[in-house]
Amino acid sequence: MLIARTIQECVSFRYKINKRVGLVPTMGALHKGHIALIKQSLKICDITIVSIFLNPKQFGASEDLDSYPIDDLRDLKILNKLNIDCVFMPLKSEIYESDHSIDIVENKLSKLLEGDSRPNFFSGVITIVSKLFNICNPSDVFFGEKDAQQLIIIKKLIKDLNYNLICHAIPTVRSENGLALSSRNEYFNESQKEIASNIYKSLCLIKAKIDGGEYNVNVLKKIFSKSIDNIPELQIDYFSIADIHTLEEVSKTISSTVLISTAILLDGVRLIDNIEYVI
Ligand code: AMP
């Protein structure tokens with residue numbers, strides 16, 4: 001496994017290869033969710049590149065950039081065992097040189113849901129993702145459904161900026177109690193993880209209600225609020241039932257496939273989760 005620490009090392013590695021190259025972008029602190037993406041790349045592609053870059057541009061001033069879990073040695077051991085071909089671990093100073101002045105902005109989808117709570121987040125994400133696409137020149141890229149809005153915006157980035165690559169969506173990997181795996185779960189002890197599992201349980205409750213014929217979004221929103229409010233440690237940032245393509249809120253009743261998504265605070269840590277309801 002090549003550990004490429006500079007852009008030049010990664011580019012030189014890439015340009016010697018005339019095969020199907022998969023790229024899995026991550027911010028490190030790898031867990032089984034990341035590993036599911038990597039395994040899919042290993043299965044489909046001839047060569048797999050995993051990037052590890054804690055991207056400062058996607059963190060707001062009051063967010064957890066400084067405390068975000070980092071464990072490069074552990075990550076490298078995991079990647080080595082998986083037998084990937086190259087890990088790209090660039091320095092911040094090389095990715096964002098002091099005169100960096102061009103960021104990419106999406107003007108519609110990124111204003112909603114997560115974008116409403118985190119105004120510069122998606123610009124930070126698609127700027128780094130574009131740079132990684134340009135450096136690694138992959139034929140295939142792998143992203144998780146855990147970050148559903150991110151995935152939708154990255155698909156739009158690929159379409160609108162004519163990136164010639166295939167984007168693969170990988171289902172959310174969860175722990176046994178339903179909690180979506182996330183690097184941020186490292187902030188929690190076991191009892192906090194148990195509390196956090198109520199986020200997915202509440203999403204499943206909404207799914208069960210729709211299955212039972214309840215299509216009224218106001219009723220569903222009240223059911224979700226009540227379910228979360230039962231657990232004093234959890235606070236809702238937002239809960240949304242939105243059209244899967246436009247991400248516009250459904251105003252009255254569900255009549256086509258929706259993204260049901262939420263952001264919840266637990267002891268100052270912001271957790272997101274979602275389910276898709278197909279109609
Ligand atoms: P991150 O390191 O959090 O930026 O995540 C890197 C990639 O892993 C993104 O495409 C995420 O959507 C994906 N990912 C994170 N957690 C999970 C999970 N629990 N299941 C599947 N994919 C995930």
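According to a simple spin-label model (label point 7 Å from Cα along Cα-to-Cβ), what is the distance in nm between LYS155 and ASN230?
It works out to 3.3 nm between the two label points.
For GLU97 and ILE44 in the same chain, what is the full-extension length gain: residue separation times 0.36 nm, less their Cα-Cα distance, in nm?
Length gained, GLU97 through ILE44: 15.7 nm.
Label-point separation (nm) for GLU214 and SER117, each offset 7 Å from Cα along Cα-to-Cβ?
Simple spin-label model gives 2.2 nm for this pair.
Between their Cα atoms, which of LYS19/LYS57; LYS39/LYS159; LYS16/LYS43; LYS159/LYS221 are more than 27 Å away from each other?
Table pairs above 27 Å Cα-Cα are LYS19/LYS57; LYS159/LYS221.
Report the far tail of the P(r) of region 115-171, meaning the percent of Cα-Cα pairs longer than 18 Å.
Of all Cα-Cα pairs in region 115-171, 29 percent lie more than 18 Å apart.
With everything on Cα atoms, drop me the angle between helix 121-136 and the longest principal axis of the chain, reported from 0 to 90° to the nearest 10.
On a 0 to 90 degree scale, this one is about 30.
Using per-residue counts of other Cβ atoms within 10 Å, averaged over each peptide, order 58-71, 265-278 from highest down.
Highest mean packing first, the order is 265-278, 58-71.
What angle do you read, to the nearest 10 degrees and between 0 and 90, between the alpha-carbon axis of helix 32-44 and the longest principal axis of the chain?
That helix lies at roughly 50 degrees to the long axis.
If you stretched the chain out fully between GLU276 and SER256, how much longer would it get, using 0.36 nm times the residue separation minus the C-alpha to C-alpha distance?
6.1 nm
Once the Cα atoms of helix 190-211 and of the chain are each reduced to a long axis, what angle between those two axes, in degrees from 0 to 90 to the nearest 10, is obtained?
The two axes meet at around 60 degrees.
Quick one: how many lysine pairs in region 78-156 have C-alpha atoms under 19 angstrom apart, if they're 8 or more apart or on different chains?
Taking the Cα cut-off of 19 Å, the pair count is 10.
Counting alpha carbon pairs within less than 8 Å and at least 6 residues apart, what relative contact order, in whole percent, applies to the chain?
Reported as a whole number, the value is 17 percent.
Grab the beta carbon distance between ALA169 and LYS222, set R0 = 45 Å, and tell me the FRET efficiency rounded to 0.05.
E(calc), rounded to 0.05, equals 0.90.
Taking 20 °C and 1.002 mPa s as the conditions, I'd like the Stokes-Einstein D for region 134-279 in µm²/s, using the Kirkwood hydrodynamic radius from alpha carbon pairs.
Translational diffusion coefficient: 130 µm²/s.
Roughly how many Å is it from the Cα centre of region 39-117 to that of region 241-279, as a whole number?
One Cα centre to the other: 24 Å.
Taking the square root of 5 times each eigenvalue of the Cα gyration tensor, what semi-axes in Å does the equivalent ellipsoid of the chain have, largest first?
33, 20, 18
Return the distance in nm (one decimal) between the two label points of a simple spin-label model at LYS77 and TYR238, each offset 7 Å from Cα along Cα→Cβ.
That separation, rounded to one decimal, is 4.0 nm.
Take every Cα-Cα distance within region 194-274, group them into 5 Å bins from 0 onward, and report for each bin the whole-number percent of pairs it holds.
So the P(r) values, bin by bin, are 3, 15, 29, 25, 16, 9, 3, 0.
Here, each number is a calculation from the coordinates, and none is a lab measurement. Bear in mind the structure is a predicted one, so any value in this text is a computation, not a measurement. Because the Cβ atoms are built from the backbone with ideal geometry, glycine has one as well, and the counts that use them run over all protein chains shown.
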